[in-house]
1. Just checking, how many residues over segment 43-63 are open to solvent by less than 50 Å² (accessible area, probe 1.4 Å) and not polar (S, T, N, Q)?
2. Take Val89 and decide whether it is modelled with pLDDT of 95 or more, open to solvent by 30 Å² or more (accessible area, probe 1.4 Å) and aliphatic (A, V, I, L, M).
3. When the residues of segment 19-40 are filtered to those that are over 14 Å from Leu53 (Cβ atoms) and touching a residue at least 24 places away in the same chain (Cβ under 8 Å), which remaining residue is surrounded by the most Cβ atoms within 10 Å (Cβ to Cβ)?
4. Out of segment 75-86, which residues are surrounded by 13 or more Cβ atoms within 10 Å (Cβ to Cβ) and either hydrophobic (A, V, I, L, M, F, W, C) or in a strand (DSSP E or B) (or both)?
5. Have a look at Arg66, Arg15 and point out the one that is at pLDDT 95 or above, under 23 Å from Pro79 (Cα atoms) and either of a type in the set (Val, Ile, Thr) or not in a helix (DSSP H, G or I) (or both).
6. Scan segment 40-50 residue by residue and report those that are part of a helix (DSSP H, G or I) and either touching a Lys or Arg at 6+ places or on another chain (Cβ under 7 Å) or at pLDDT below 95 (or both).
7. Might you check whether a residue that is in a helix (DSSP H, G or I) and of a type in the set (Val, Ile, Thr) occurs anywhere in segment 51-61?
8. Among the residues in segment 75-90, are any of a type in the set (A, V, I, L, M) and touching a residue at least 60 places away in the same chain (Cβ under 8 Å)?
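The values are calculated or read from the model by the stated rules, or taken from the named source; none is laboratory data. These figures come from a predicted structure and were not determined experimentally. As a convention, Cβ positions derive from the backbone with ideal geometry for all residues, glycine included, and neighbour counts pool all protein chains shown. In case anyone asks, the SASA skips ligands and DNA or RNA and just uses the protein heavy atoms, side chains included. Shrake-Rupley method; radii C 1.70, N 1.55, O 1.52, S 1.80 Å.
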Amino acid sequence: MAADVFKALADATRRAILDELQDRDGQSLFELCTRLTMRHGLGSSRQAVSQHLDILEEAGLVTVRREGRYKFHHLDTGPLREIASRWPVPDEGEAR
């Protein structure tokens with residue numbers, strides 16, 4: 001699972017998508033495409049953004065909620081916390 005997270009985070013567009021979901025959670029594909037263009041200057045097609053969202057979902061970083069014919073995307077930071085807990089920061093009193 002950690003390998004999927006690292007792969008997902010390796011791409012700048014996917015990191016921008018996560019930034020947008022952090023800023024405003026629960027966005028549709030159309031909303032994300034608009035914000036990526038307006039705020040990041042990314043001119044990715046809807047299909048390309050959808051493929052990035054699929055990779056983020058497979059890594060567990062994005063969850064999807066359906067309402068009728070719309071899909072809303074939500075950030076899930078659980079996989080990031082799992083990675084951070086793998087290499088905990090030593091207490092200040094511990095030798096490095």
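1. 10
2. Values: modelled with pLDDT of 95 or more: no; open to solvent by 30 Å² or more (accessible area, probe 1.4 Å): yes; aliphatic (A, V, I, L, M): yes.
No: the conditions fail for Val89.
3. Only one residue fits best here, namely His40.
4. Leu75, Leu80, Ile83
5. Exactly one residue qualifies, and that residue is Arg66.
6. Here is the first cut: in segment 40-50, the ones part of a helix (DSSP H, G or I) are 40, 46-50.
Selection gives His40 alone.
7. Yes - at least one qualifying residue is present in segment 51-61.
8. Yes, because at least one residue in segment 75-90 is of a type in the set (A, V, I, L, M) and touching a residue at least 60 places away in the same chain (Cβ under 8 Å).
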